[in-house]
Amino acid sequence: MKYGYFDDQAREYVIARPDTPLPWINYLGCEDYFGLISNTAGGYSFFRDARLRRITRYRYNNVPFDVGGRYIYIRDNTLTPGPSPIGRGRGEGFWSPSWQPTQCSLEDYTCRHGLGYTTIGSTYAGIRAETRYFVPLGQNLEIWQLTITNQRLTPADLSIFSSIEFCLWDGLDDQTNFQRNFSIGQVEIEDEVIYHKSEYRERRNHFAYFACSEPLAGYDTQRDTFLGPYRGWDRPAAVERGQSFNSEAHGWAVMGSHHVKIVLAAGESREIRFVLGYHENPQEDKFAPPNSQTINKHTVKPIIAKYLNKSNTDAAFAGLRKYWDSLLSAYQVQSPDEHTNRMVNIWNAYQCMATFNMSRSASFYESGIGRGLGFRDSNQDLLGFVQMVPERARQRMLELAATMLPSGGAYHQYQPLTKRGNNDVGSNFNDDPHWMIIAVSAYIKETGDWDVLNERVPYDNAPGSETSLYEHLERAIQYTLDRLGPHGLPLIGRADWNDCLNLNCFSDTPGQSFQTTTNKEGNVAESVFIAGLFVHACREMAKVATRYQRLGDAGQRNQIANRFTLLADQMTQTIYAHGWDGEWFVRAYDDFGHKVGSKDCEEGQIFIEPQGYCVIAGIGLENGYAQKALDSVNKHLATRHGILLQQPAFSQYYLYLGEISSYPPGYKENASIFCHNNPWVMAAETIVGNGDRALDYYLRINPSAREEISDLHRTEPYVYSQMIAGRDAPTHGEAKNSWLTGTAAWNYVAITQYILGIRPTFDGLMVAPVIPLRWKGFKATRKLQGVTYHIEVIRQGPGNTVSLSIDGQPIAGNVVPRPTGGEKSVRLTAVLC
Ligand code: BGC
Ligand code: NOJ
């Protein structure tokens, strides 16, 4: 069953009924000011850091799931609301055009989630109301553009109420420290603008404001006055009685609500704009007059005035649309499959930008108060957005590199505001540093910016410790060489990609961290996955070294490159000797030196990670192991909802395996379909030449292809979720944790670079599609380093052999070198046979 449909032309997903299985959300903002917004206008906003600069309040784990947000109420002043308190009031005389929180029976409810904006509208009692929410580029504010149309034959006398609840800035403190919080709330109301200034009197120089384009009939800033005692957002006393209380908050819960009265003639339409924003004043100029406690508003007033104005607002919206058009134009495809097209052209790329912006901090499954930016997560996210915002990718990479340690290791996480490594979590996730190599190499392939390797970057952000970025990468390789275990495989440390495979933490105490309570020496447990990743990283380093001029002349460069190649070859042999189980790659060795992910195990015999990643690294191609491993994946792990992380699921908690066995079978790392590494197998299938299997796997987890089963899948059909419940779970096929997951980047890489096969390399653009037999071909455009490649792929035979021609002139190989004559546009034809 579906709850809406894709409008590919408009680049929107249209939700046609409000009671989706879970809140289906979108993000507003793409630079510093961000908001989350659900299909019923739930959600919150923050400036840069969802924990430390939370602008509006949101309660996770609420009932219903999603209450609190950017709510508008419309009251028909000619209808009398039913007598309160019990059982009446809602829907009688007032309603919310976004359905929540009043939940009236609306006509024509639609929520259009677009790129950086959301429009929610409906009709009730002959009044059409539609609100477009967005954040203008370059601004720290959001605009709500509400259009109200009287579709009746008679005039309508209406009251409009806006509402938001302010957060006392620190998202965690706000939910816990009530003895203080109930006394600190402060506001100012001036020129009909509501200013939230809690803590401004002391150490903050920022405040929030909420403005409205119309003259006000009243306002409220004290939540409990607006709502009335024992009432929720569904039945505010102010709305019910049809008049704000003009409450001024002193402590308790600070909110913002405007009350606007309008009379609309039959057929008349009116637009009302609300602006909610964040503003910082210079520390020395916080107050005006200077010796007062009144916010200096000189700097903010022009901004408010500008965005309350309709034509400025419309222009800002047009600018936002253009911005997204331009980002998405980096890669566009027309293939025979609509799910591929809309994910590649719109939604998957869009989700990659969300993971860039948010990392894993703020979604409806990540509270925004928990984690910093993950080192491995951010490096992998880069693979999905580098083609859209290369400059910002560069900056992110340098920030990440500065949280590496002199050992070549890295802090597992760092804080977005301070950019410092997070001491609570520390280091020793032994896969981490290699992702830096994968990211830097992807960045150089995309941009040709070899200079980035010369950048001086510190370790642990310590001034004086700077070396070149290149040296950081060398140290990343050395980190593993310094940490090899009994079989010559990399030691796993706290965990590798699989955060829950905790082989050095025998945790028997509730509440302990599985990752950071390391109580084993750590000199025994090894990871075959890291071995595969290490081989991949060494092969990339070899390619970098041969081309990086600063390393010396060609002979010297080759010598350095040969060392990396040798390391890759040696590790490959180690994997063949100790990491091969006969039918598939072993996953790891535990602290006792026993295999994990082997036919010798009772549970957890085969894991997905080393099968996909070893093949990506080129391991097992020369001896048939790659094909065998992938056939084993197909046989043991593939389900119709995607590929399971491992099998058989762990039926009980194993002290020596850690968090992975803490989950009930079929969920999360314990044998769910962990969507992040499904694409490793898709990519691997293309490497062994099996385009049919690759696309088949791709479509099993492609959210658009699962739209028809939305009642089972439950999360948004336009973005990937972290996991889909596995075969062992009672809810097999149900997705969880949408939006912020490495799934976005890796699926984007698998489809665009491996299946469609259009991949930047150090020497130019590779065109090497490995598509299903039934596909007759496809067309694509790819922008790379200022050149637009118009690519047509034509299938003439059943194979994957590519014959490339430029403007009809055949060229050798499958890589198109950068045009030397300054051409901005190149026509490529790739014939497959
Ligand atoms: C989750 C993992 C996550 C880890 C670290 C675990 O509970 O299952 O997916 O990576 O926590 O935050
Ligand atoms: C989510 C984490 O963010 C990511 O770093 C990790 O690789 C996966 N979980 C798998 O455990």
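Of all residues in the range 480-490, those satisfying the criterion of being surrounded by fewer than 24 Cβ atoms within 10 Å (Cβ to Cβ) and not in a loop (DSSP other than H, G, I, E, B) are L481, L484.
Looking only at residues in the range 640-673 that are assigned to a strand (DSSP E or B) and open to solvent by 10 Å² or more (accessible area, probe 1.4 Å), the one that is farthest from ligand 2 (Cβ to nearest atom) is Q647. On inspection, G612 passes the criterion of being more than 20 Å from P486 (Cα to Cα), at pLDDT 95 or above and out of contact with any His (no Cβ under 9 Å at 6 or more places or on another chain).
A quick yes/no check of all residues on (1) open to solvent by 30 Å² or more (accessible area, probe 1.4 Å); (2) free of Cβ contacts under 8 Å to residues at least 60 places away in the same chain; (3) assigned to a helix (DSSP H, G or I); (4) over 18 Å from A671 (Cα atoms):
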| position | (1), (2), (3), (4) |
| --- | --- |
| Q559 | yes, yes, yes, yes |
| L567 | no, no, yes, yes |
| A577 | yes, no, yes, yes |
| E602 | yes, yes, no, no |
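Do we have L533 as among the hydrophobic types (A, V, I, L, M, F, W, C), within 16 Å of ligand 1 (Cβ to nearest atom) and either touching a strand residue (DSSP E or B) at 6+ places or on another chain (Cβ under 7 Å) or part of a helix (DSSP H, G or I) (or both) here? It is false that L533 is among the hydrophobic types (A, V, I, L, M, F, W, C), within 16 Å of ligand 1 (Cβ to nearest atom) and either touching a strand residue (DSSP E or B) at 6+ places or on another chain (Cβ under 7 Å) or part of a helix (DSSP H, G or I) (or both). Looking only at residues of the range 475-521 that are among the small types (G, A, S) and touching a residue at least 40 places away in the same chain (Cβ under 8 Å), we find that the one that is farthest from ligand 1 (Cβ to nearest atom) is G488.
State whether one or more residues within the range 405-428 are modelled with pLDDT under 95, among the aliphatic types (A, V, I, L, M), more than 30 Å from A330 (Cα to Cα) and in contact with a strand residue (DSSP E or B) (Cβ under 9 Å, 6 or more places away or on another chain). Within the range 405-428, one or more residues are modelled with pLDDT under 95, among the aliphatic types (A, V, I, L, M), more than 30 Å from A330 (Cα to Cα) and in contact with a strand residue (DSSP E or B) (Cβ under 9 Å, 6 or more places away or on another chain). Whether any residue in the range 680-699 is among the polar types (S, T, N, Q) and within 16 Å of ligand 2 (Cβ to nearest atom) is what I want to check. Checking the range 680-699: not a single residue is among the polar types (S, T, N, Q) and within 16 Å of ligand 2 (Cβ to nearest atom).
Residues that are open to solvent by less than 20 Å² (accessible area, probe 1.4 Å) and either of a type in the set (G, A, S) or more than 22 Å from the chain's Cα centre (by Cα) (or both) within the range 112-125 comprise G114, G116, I120, G121, S122, T123, listed in sequence order.
Inspect the range 739-746 for any residue being on the phi < 0 side of the Ramachandran plot and surrounded by fewer than 24 Cβ atoms within 10 Å (Cβ to Cβ) and give the result as yes or no. No: the range 739-746 contains no residue that is on the phi < 0 side of the Ramachandran plot and surrounded by fewer than 24 Cβ atoms within 10 Å (Cβ to Cβ). Inclusion of I530 among residues that are under 19 Å from A629 (Cα atoms) and β-branched (V, I, T) is warranted. Here the range 362-385 is the region considered, the condition is being within 11 Å of ligand 1 (Cβ to nearest atom) and within 11 Å of the chain's Cα centre (by Cα), and the residue that is most open to solvent (accessible area, probe 1.4 Å) is E366. Checked against (1) crowded, with 21+ Cβ neighbours inside 10 Å; (2) touching a residue at least 40 places away in the same chain (Cβ under 8 Å), A545 passes all but condition (2). Cβ-Cβ contacts under 8 Å between residues 6 or more apart (or on different chains), taken from a first residue in the range 620-631 that is assigned to a loop (DSSP other than H, G, I, E, B) to a second residue that is open to solvent by 50 Å² or more (accessible area, probe 1.4 Å) and among the hydrophobic types (A, V, I, L, M, F, W, C), are listed as L621/I687. Only strands (runs of 3 or more DSSP E) whose full extent lies in the range 747-804 are considered here, and the ones with at least 1 residues that are more than 21 Å from S441 (Cβ to Cβ) and in contact with a Phe, Trp or Tyr (Cβ under 6 Å, 6 or more places away or on another chain) are 787-795. Residue selection: T78 satisfies the criterion of being at pLDDT below 95 and either assigned to a loop (DSSP other than H, G, I, E, B) or surrounded by fewer than 23 Cβ atoms within 10 Å (Cβ to Cβ) (or both).
The rows are residues; the columns are (1) in a loop (DSSP other than H, G, I, E, B); (2) at pLDDT below 95; (3) farther than 15 Å from A402 by Cβ.
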| position | (1), (2), (3) |
| --- | --- |
| M436 | no, no, no |
| V440 | no, no, no |
| Y443 | no, no, yes |
| E446 | no, no, yes |
| Y459 | yes, no, no |
| G464 | yes, no, no |
| H472 | no, no, no |
| I477 | no, no, yes |
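Restricted to the range 361-378, and to residues there that are of a type in the set (D, E, K, R) and within 18 Å of N423 (Cα to Cα), the residue that is farthest from ligand 2 (Cβ to nearest atom) is R371. For the range 816-826, the criterion of being assigned to a strand (DSSP E or B), more than 18 Å from T686 (Cα to Cα) and open to solvent by 50 Å² or more (accessible area, probe 1.4 Å) is satisfied by at least one residue. Identify, please: which residue in the range 648-695 is more than 21 Å from C614 (Cβ to Cβ) and among the charged types (D, E, K, R) and is, among those, farthest from ligand 1 (Cβ to nearest atom)? Among those residues, the one meeting the criterion is D692. With respect to the stated conditions, E142 fails to be open to solvent by 10 Å² or more (accessible area, probe 1.4 Å), of a type in the set (D, E) and assigned to a strand (DSSP E or B). Just one of the numbered conditions (1) more than 23 Å from I791 (Cβ to Cβ); (2) assigned to a helix (DSSP H, G or I) is not true of T715: (2). The condition of being in a helix (DSSP H, G or I), among the aliphatic types (A, V, I, L, M), open to solvent by 10 Å² or more (accessible area, probe 1.4 Å) and within 26 Å of N348 (Cα to Cα) does not hold for L400. Scanning the range 704-761 for residues that are within 16 Å of ligand 1 (Cβ to nearest atom) and among the aliphatic types (A, V, I, L, M) gives M723, I724, A725, A729, A735, L740, A744, A745. Out of T509, T518, report the one residue that is surrounded by fewer than 19 Cβ atoms within 10 Å (Cβ to Cβ) and farther than 29 Å from L621 by Cβ. On inspection, the qualifying residue turns out to be T509. Does Q395 satisfy the condition of being under 27 Å from W450 (Cα atoms), away from ligand 1 (no atom under 16 Å from the Cβ), within 19 Å of the chain's Cα centre (by Cα) and not acidic (D, E)? Yes.
The values are calculated or read from the model by the stated rules, or taken from the named source; none is laboratory data. Given the structure is predicted, the values throughout are model-derived calculations rather than measurements. Positions of Cβ are generated from backbone atoms using ideal geometry, with glycine treated the same way; all protein chains shown enter the neighbour counts. Ligands, DNA and RNA are stripped out before the accessible areas are found, and what is left, the full protein with its side chains, is counted by its heavy atoms. Shrake-Rupley method; radii C 1.70, N 1.55, O 1.52, S 1.80 Å.
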